[in-house]
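The values are calculated or read from the model by the stated rules, or taken from the named source; none is laboratory data. What you see is a predicted model, and the numbers here were worked out from it, not measured in a lab. Counting neighbours? That spans all protein chains shown, and the Cβs are built from the backbone with ideal geometry, glycine included. Heads up: the accessible areas ignore ligands, DNA and RNA and are worked out on the full protein's heavy atoms, side chains in. Shrake-Rupley method; radii C 1.70, N 1.55, O 1.52, S 1.80 Å.
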Amino acid sequence: MIASLLWLALPALADVQEHLQEQYYDLQVASGESLSRAIDQASPIRQNGQIYHAYTRWQVQWNFWRREQRDGRCQIDLTRTQLHATITLPRLGGNDTQQRQRFEQYLGALREHELGHYRIGQAAAAEIDAALRQLAEYPSCAELQRQANQRANAILQRHAEHERRYDRETGHGRSQGAWLTE
C-alpha cells in the first residue's frame, strides 16, 4: 500500500531516445574539375529551386501515458519522447590528393553545420519531454491530451524557426567554413 502511494506522488517519468544516422550520396571529381560544381551536380538535395550540399532532417515523436481519477481528473504518468534524425552528406570518389584534402576540410565544416541542426532537434525533444512531464493535472483526459499536444507542437514550431534563423545567421554554414570558392 505504501509503495503504491509513493508511486502516486512521483512526477512523470521520461527518457528522450535519440536516433541519428548519416547517409551519403556519391560524387566523382576529375582532376582539375571544380569541386563545388561536382557536388552541385551530384547533390539530390533541392529545395525551393536551391541546391544544397547537405541536409539534416529531424522529427520528434512523443507519447504519454495518463492516469484518470474516479472524478475524471487526469495527469501524465509517463512520457516517451524520441528524436529521429538523418544527416545527408556528400562522399567523394577519385584519387586527386589536393581535391580530397579540400573536400575533407569542407566536409568537416559541413558536418559541423549539420550537427548544429541536429542539436536544435535535440533541444526541441528535450523541451517537449520536459513540458509534458510538467503538465499539471487537468479536469479531463481529453483536455490533458489537447493541452499536451498543443504545447509540443508549439515547441516544434519555435525550433523550426530557430533552424531557419540558424541558416540565415550562418549563411547555411558559410560562416562556419562550409564554403567552396570554386
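So the values come out like this:
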| quantity | calculated |
| --- | --- |
| Of all residues making up region 90-111, the number that are small (Gly, Ala, Ser), open to solvent by less than 20 Å² (accessible area, probe 1.4 Å) and touching a strand residue (DSSP E or B) at 6+ places or on another chain (Cβ under 7 Å) | 1 |
| Residue satisfying all of: in region 42-56; of a type outside the set (Gly, Ala, Ser) and surrounded by 12 or more Cβ atoms within 10 Å (Cβ to Cβ); farthest from the chain's Cα centre (by Cα) among these | 51 |
| For residue 149: the one exception among (1) under 26 Å from residue 57 (Cα atoms); (2) in contact with a Phe, Trp or Tyr (Cβ under 7 Å, 6 or more places away or on another chain); (3) not hydroxyl-bearing (Ser, Thr, Tyr) | (2) |
| Any hit, region 112-125, residues being modelled with pLDDT of 95 or more, open to solvent by 50 Å² or more (accessible area, probe 1.4 Å) and not charged (D, E, K, R) | yes |
| Residue count, region 18-32 (criterion: open to solvent by 60 Å² or more (accessible area, probe 1.4 Å) and at pLDDT below 95) | 3 |
| Qualifying position, being assigned to a strand (DSSP E or B), crowded, with 16+ Cβ neighbours inside 10 Å and among the hydrophobic types (A, V, I, L, M, F, W, C), among 128, 87 | 87 |
| Residues (assigned to a helix (DSSP H, G or I) and in contact with a His (Cβ under 6 Å, 6 or more places away or on another chain)) located in region 164-181 | 176 |
| Hey, residue 174 in contact (Cβ under 8 Å) with a residue 40 or more places away in the chain, open to solvent by 40 Å² or more (accessible area, probe 1.4 Å) and basic (Lys, Arg) or not | no |
| Residue in region 141-160 that is open to solvent by less than 40 Å² (accessible area, probe 1.4 Å), under 17 Å from residue 55 (Cβ atoms) and modelled with pLDDT of 95 or more present | yes |
